[in-house]
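Reviewing the structure listed below.
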Protein chains: 2
Amino acid sequence: MTAILSGTELGRQIRAKVSAEAAALSERGVHPRLAVVVATDDESSAWYVRSIAKTAARSGVRCDVVDLGAAATPAGITAELARLSADPAVHGIILQTPLPGGARLEELATAIDPAKDIDGANPLSLGRLTAGLPAHPPATAAAVLALLDHYAVPLAGRRAVVVGRSTVVGKPAAQLLLARNATVTICHRHTADLAACTREADVLVVAVGRAGLITAEHVAPHAVVVDVGTNPTTDGGLAGDADARSLTGRVAALTPVPGGVGPVTTALLLRHTIAAASR
Amino acid sequence: MTAILSGTELGRQIRAKVSAEAAALSERGVHPRLAVVVATDDESSAWYVRSIAKTAARSGVRCDVVDLGAAATPAGITAELARLSADPAVHGIILQTPLPGGARLEELATAIDPAKDIDGANPLSLGRLTAGLPAHPPATAAAVLALLDHYAVPLAGRRAVVVGRSTVVGKPAAQLLLARNATVTICHRHTADLAACTREADVLVVAVGRAGLITAEHVAPHAVVVDVGTNPTTDGGLAGDADARSLTGRVAALTPVPGGVGPVTTALLLRHTIAAASR
């Protein structure tokens, strides 16, 4: 039996709490507000931003989409992030990817005030997270932990394996698991024997962006698999990095795609905005 | 046969290069200068600072020891770090531990200008390192990699296991190994079966501060062991975290304590200072 660890209900719970807190803040004259800076005409990015804006509005968080266009320069983006950082009416700032002309998120996000860096994109946030100091973690990495906690998956002393070493997911997820006293292994494209590594996992987090990478040969029967992948399918749907068909019946638990990490991530972006507005 | 990976000769080589570069900089009117801020009367700390100062002087790097005394406050330390950060004649800044009254290095080091943070103590340096952006890594973590490179130990695709998750050694060493395409596991006091984990290592880095923790049962025969531990012995000497007697003949290679990571660390502090002065 493989348990399906849905994120839909958890996302709903977090958003309900966000709504209540947003209402309470508004009564005190603080109107929680999130700014999403976009510098791309990428369609899936636009879809994601619309979904954040819609969810925010429903939860009582104002969301401004600041569209700089695909012709924006790094200097222009940095200036906008600095302006928003200085604006006391803005509590949270997200810089959406992809960025124009090979600009790196990590470099530009240095211009986001860490107190408003609710998706943990500023390297200072990552450093503070790694050092065990208060910081907003990237929402996706935080969603991995929120899901594991929601389903009461034990972490201390367990072996956690993270596949993928991106700055936005793999590396911060590894730090969060380490902070919870898991023994953490980070695998990636150069890992010599991926299946041997991932079979060691009590908790397996996959964040690579390759549909169906993880199959039955990659897992132990007691494994809990958290699938961060969101790979577009030819029929307009989404597929995870894990091959759900191959894993079903072969692992203890698996997060679905869609409906797993995704809804929790969006809800946590809002929760981080509320936290930033509550200071 | 266990090869002994001495750091003495590598330390010498780095210092020779530092001397030549310091002389070249001085001719151009730039006098490389390092400031070590001390706020403790801890004797082993004083010994370490004297050894840095002596080595720096021999290599043509001026080293100012700024002794604030054990009664220094966090605010006083922060103010001094800010003053040194603003002083154009100072190129490198180290905040020595221990710190008074439970102050955390990671928190206070935020006041060190990242460009002068030659021991990578500012969380921004750690975040930039983790994100793959230019930054000074902590000298001890950098020394681990320098030793492995000096002895041409392959890393890409190999399994590296780091025991210890401190902000100054374990975590940055793990990031540096990951950046070199090793598959990295981080173990610590909560790891359920330490020996089983460490036996997976092609490269084993131990940075815990417990003399003799790693014995023959913890290693594979082909392992290269880098011992970062410097534990005082009752006879006034130093012992590593690895039990050298138990490992000799049981691993491919081992760094000695003293004379392994230590001399390379000091030399790299000076190399980082030269790099900061060369901007």
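Observations
To keep it simple, each residue is scored yes or no on (1) at positive phi; (2) basic (Lys, Arg); (3) part of a helix (DSSP H, G or I).
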position	(1), (2), (3)
B:VAL162	no, no, no
B:VAL168	no, no, no
B:PRO172	no, no, yes
B:ASN181	yes, no, no
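- Test for A:GLY157: is it on the phi > 0 side of the Ramachandran plot, at the interface with chain B (Cβ under 10 Å from one of its Cβ atoms) and among the small types (Gly, Ala, Ser): yes
- Some residue of the range B:51-58 being surrounded by fewer than 24 Cβ atoms within 10 Å (Cβ to Cβ) and closer than 20 Å to B:PRO172 by Cβ: yes
- Among the residues listed as B:PRO114, B:PRO88, B:PRO98, the single one being free of Cβ contacts under 8 Å to residues at least 24 places away in the same chain and within 20 Å of the chain's Cα centre (by Cα): B:PRO114
- B:LEU238 being over 22 Å from A:THR185 (Cβ atoms), modelled with pLDDT under 95, in contact with a helix residue (DSSP H, G or I) (Cβ under 9 Å, 6 or more places away or on another chain) and away from chain A (no Cβ under 13 Å): yes
- For B:VAL251, the conditions (1) within 13 Å of chain A (Cβ to nearest Cβ); (2) assigned to a loop (DSSP other than H, G, I, E, B); (3) surrounded by 17 or more Cβ atoms within 10 Å (Cβ to Cβ) all hold with the exception of (1).
- Boolean, A:VAL163 is within 11 Å of another protein chain (Cβ to nearest Cβ), of a type in the set (Val, Ile, Thr) and under 18 Å from the mean Cα position of the chain (by Cα): yes
- Within the range B:138-153, the residues that satisfy the criterion of being aliphatic (A, V, I, L, M) and in contact (Cβ under 8 Å) with a residue 60 or more places away in the chain are B:ALA139, B:ALA142, B:ALA143, B:VAL144, B:ALA146, B:LEU147, B:LEU148, B:VAL153.
- Residue list for the range A:10-41, filter: loosely packed, with under 15 Cβ neighbours inside 10 Å and not in a helix (DSSP H, G or I): A:ARG28, A:GLY29, A:HIS31, A:ASP41
- Of residues in the range A:216-248 being assigned to a loop (DSSP other than H, G, I, E, B) and in contact with a Lys or Arg (Cβ under 9 Å, 6 or more places away or on another chain), the one nearest to A:SER45 (Cα to Cα): A:GLY229
- Single residue of B:ILE77, B:ILE52 found to be assigned to a helix (DSSP H, G or I) and touching a residue at least 60 places away in the same chain (Cβ under 8 Å): B:ILE52
Residue-wise test of (1) surrounded by fewer than 24 Cβ atoms within 10 Å (Cβ to Cβ); (2) touching a Gly at 6+ places or on another chain (Cβ under 8 Å); (3) farther than 13 Å from A:SER6 by Cα; (4) of a type in the set (A, V, I, L, M, F, W, C).
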residue: A:GLU217; (1), (2), (3), (4): yes, no, yes, no
residue: A:VAL224; (1), (2), (3), (4): no, no, no, yes
residue: A:THR234; (1), (2), (3), (4): yes, no, yes, no
residue: A:GLY237; (1), (2), (3), (4): yes, no, yes, no
residue: A:ARG245; (1), (2), (3), (4): yes, no, yes, no
residue: A:PRO256; (1), (2), (3), (4): yes, yes, no, no
residue: A:VAL261; (1), (2), (3), (4): no, yes, no, yes
residue: A:LEU268; (1), (2), (3), (4): no, no, yes, yes
residue: A:SER278; (1), (2), (3), (4): yes, no, yes, no
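- For the condition in contact with a helix residue (DSSP H, G or I) (Cβ under 6 Å, 6 or more places away or on another chain) and assigned to a helix (DSSP H, G or I), A:ALA196 does not qualify.
- Here A:ALA143, A:ALA201, A:ALA173 are screened, and the one residue that is among the aliphatic types (A, V, I, L, M) and away from every other protein chain (no Cβ under 14 Å) is A:ALA143.
- Taking the criterion of being closer than 20 Å to A:VAL261 by Cβ and within 12 Å of chain B (Cβ to nearest Cβ), the residues of the range A:118-134 that qualify are A:GLY120, A:ALA121, A:SER125, A:LEU126, A:LEU129.
- Scanning the range A:86-115 for residues that are more than 14 Å from every other protein chain (Cβ to nearest Cβ) and β-branched (Val, Ile, Thr) yields A:VAL90, A:ILE93, A:ILE94.
- Test: B:LEU238 is among the hydrophobic types (A, V, I, L, M, F, W, C), in contact with a strand residue (DSSP E or B) (Cβ under 7 Å, 6 or more places away or on another chain) and within 25 Å of B:VAL36 (Cβ to Cβ): yes
- Residue under evaluation A:LEU129, criteria (1) in contact with a Leu (Cβ under 7 Å, 6 or more places away or on another chain); (2) over 25 Å from A:GLU9 (Cβ atoms), criterion not met: (1)
The values are calculated or read from the model by the stated rules, or taken from the named source; none is laboratory data. Computed from a predicted structure; not experimentally measured. Cβ coordinates were reconstructed from backbone atoms using ideal geometry, including for glycine residues, and neighbour counts include every protein chain displayed.
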